[in-house]
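Here's the structure we're looking at; comments come further down.
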Amino acid sequence: MTRTLPDWLTYIEQQHPNAIAMGLDRVREVATRMSLGHPAKHVISVGGTNGKGSTVAFIEAIARTSGCRVGTYTSPHLLHYNERVRIDGSDATDMELVAGFEAVDAARGDMQLTYFEYGTLCALWLFERASLDLAVLEVGLGGRLDAVNIVDADAAVITTVDLDHQDWLGNDIEVIGFEKAGIARPFKPLILGDDDPPASVLRHAYAIGASAWRIGCDFFAEPVDETHWRWREVGQELELPLPALLAPVQLRNAACAIAALQSLDIQIDDDAYARGVAEARIGGRLQRFDQGGVEIVVDVGHNPQAARALAAWLESQPRRPTLAVYAALADKDVAGVVVALAGQVDAWHVAGLVDAGPRGESVEAFAQRLQSTAAAAATQHPDVKMALETAILQAPPDGRVLVFGSFHTAAAALRALNAMS
């Protein structure tokens, strides 16, 4: 009997003893057996600590507006696995994903693959059959040893480099930078979204002959007025509407997306850039809702750098009483997150993520990790749904509830909000 997509997702979770197993040998071997080549006429790989998903969304929106047929591979998903693979603006269907997983499983033989490796090979298999002009591949973890890196991209983007996933990438920015720089290719463009990227990134680019384009040095994102901004490099300027995606950091992500497209041999007119920037959407990035007059804001931010971006956005908004609903995975720097947001939050509600797999934890364990922070006296809830419902009830009529901490947190909040509407 043919497996359904849920059947396949359960199956592929069980095919490797470890949830994460860094290295390219397994996935490259299976890709060879599947005769996978270049997934599109042009390929952009997007890595970095934060901002990857938004940057992919900007690239996709601009390129599709210009008439390109685009495929995107992103992770993790929020509500449905299908979100990870998009072809020409639509999520892959269950039938398409099942066919892809069947092809991967038939080729792997006795080779053990992780969940992410199955998904990557499935996406590449689907892309090859879709006659794409552009494929945009988001790195899952790190870069150098990530499954996405079996593809030689025509341009690479590193949005930011900061501390996260230290168990796998190291506890030093320079070490992490080297891992992320592994997606660069010799003599190909490397777009850098940090004003001051780690020296390891620049050294690696120089060593392989990659052409590094740095924001604030080789291209610029400059506010013009309350509704417009300017992207510019030497000899070219684009005046653009502000992104629909909120937060000041989205100008930086949009600028990197434009630089990546500019670096390729793709014809895109100024109007396509403007429309694409204005129309780009992605769930769980300062996604706003109204619940009885209370503003609800849902964000996937899960590390101190993302928390600093959230704080910058809150500071840029009219001051409103703000209640935080915070739930995080067990391996995250929760103290650093709270420090970043403490000045913008009036009350804390924390929740457990017991359904988040081996990295999830109970609210009691989570609260214990917050004892030395401004969230030490937070109200505790067993899950995100209960925390959100309570925060909404306690918020004043002009209040705001900020829900954040992980993709699991955002997904639980979105499901709860959908049920309320």
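The values are calculated or read from the model by the stated rules, or taken from the named source; none is laboratory data. It should be emphasised that the depicted structure is a prediction, and the values quoted were computed from it without experimental measurement. When we count neighbours, we look across all protein chains shown, and the Cβ atoms used for this are built from the backbone with ideal geometry, even at glycine.
Residue check: is GLY53 among the small types (Gly, Ala, Ser) and not in a strand (DSSP E or B)? First the steps, then the outcome.
On the way: among the small types (Gly, Ala, Ser): yes; not in a strand (DSSP E or B): yes.
So GLY53 fits the description; yes.
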Report task. Can you run down the residue pairs with Cβ atoms below 6 Å, 6 or more apart or on separate chains, where the first is in the stretch 135-154 and free of Cβ contacts under 8 Å to residues at least 40 places away in the same chain and the partner is of a type in the set (D, E, K, R) and in a helix (DSSP H, G or I)? Result -> ARG144/GLU179
Report summary line: Of the residues in the stretch 201-248 that are of a type in the set (Phe, Trp, Tyr) and in contact (Cβ under 8 Å) with a residue 12 or more places away in the chain, the one that is nearest to ARG185 (Cα to Cα) is TRP213
Requested in this report: Could you run through the stretch 101-111 and say how many residues are on the phi < 0 side of the Ramachandran plot and out of contact with any helix residue (DSSP H, G or I) (no Cβ under 7 Å at 6 or more places or on another chain)?
Outcome: 4
Query raised in the report: Which one of ALA330, ALA306 is within 17 Å of GLY405 (Cβ to Cβ) and surrounded by fewer than 17 Cβ atoms within 10 Å (Cβ to Cβ)?
Result: ALA330
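Matching residues to (1) assigned to a strand (DSSP E or B); (2) among the aliphatic types (A, V, I, L, M); (3) farther than 24 Å from GLY284 by Cβ; (4) in contact (Cβ under 8 Å) with a residue 40 or more places away in the chain:
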{"site": "ILE44", "(1), (2), (3), (4)": "yes, yes, no, yes"}
{"site": "THR49", "(1), (2), (3), (4)": "no, no, no, yes"}
{"site": "ARG64", "(1), (2), (3), (4)": "no, no, no, yes"}
{"site": "CYS68", "(1), (2), (3), (4)": "no, no, yes, yes"}
{"site": "ALA103", "(1), (2), (3), (4)": "no, yes, yes, yes"}
{"site": "ALA106", "(1), (2), (3), (4)": "no, yes, yes, no"}
{"site": "GLN112", "(1), (2), (3), (4)": "no, no, yes, yes"}
{"site": "TYR118", "(1), (2), (3), (4)": "no, no, no, yes"}
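Could you tell me whether GLU361 is in a loop (DSSP other than H, G, I, E, B) and assigned by TED's automatic domain parsing to the domain that holds GLY405? Even if it seems obvious, please write down each step before you answer.
On the way: in a loop (DSSP other than H, G, I, E, B): yes; assigned by TED's automatic domain parsing to the domain that holds GLY405: yes.
Yes: the conditions hold for GLU361.
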Query raised in the report: Just one of the numbered conditions (1) more than 19 Å from ALA306 (Cα to Cα); (2) of a type outside the set (Phe, Trp, Tyr); (3) in contact with a Ser or Thr (Cβ under 9 Å, 6 or more places away or on another chain) is not true of VAL401; which one?
Result: (1)
Requested in this report: Search the stretch 304-325 for residues that are touching a residue at least 24 places away in the same chain (Cβ under 8 Å) and pair each with any residue that is part of a loop (DSSP other than H, G, I, E, B) and among the aliphatic types (A, V, I, L, M) when their beta-carbon atoms are under 6 Å apart and the residues are at least 6 apart or on different chains.
Outcome: ALA309/ALA247; TRP313/ALA247; THR322/VAL345; LEU323/ALA395; ALA324/VAL345
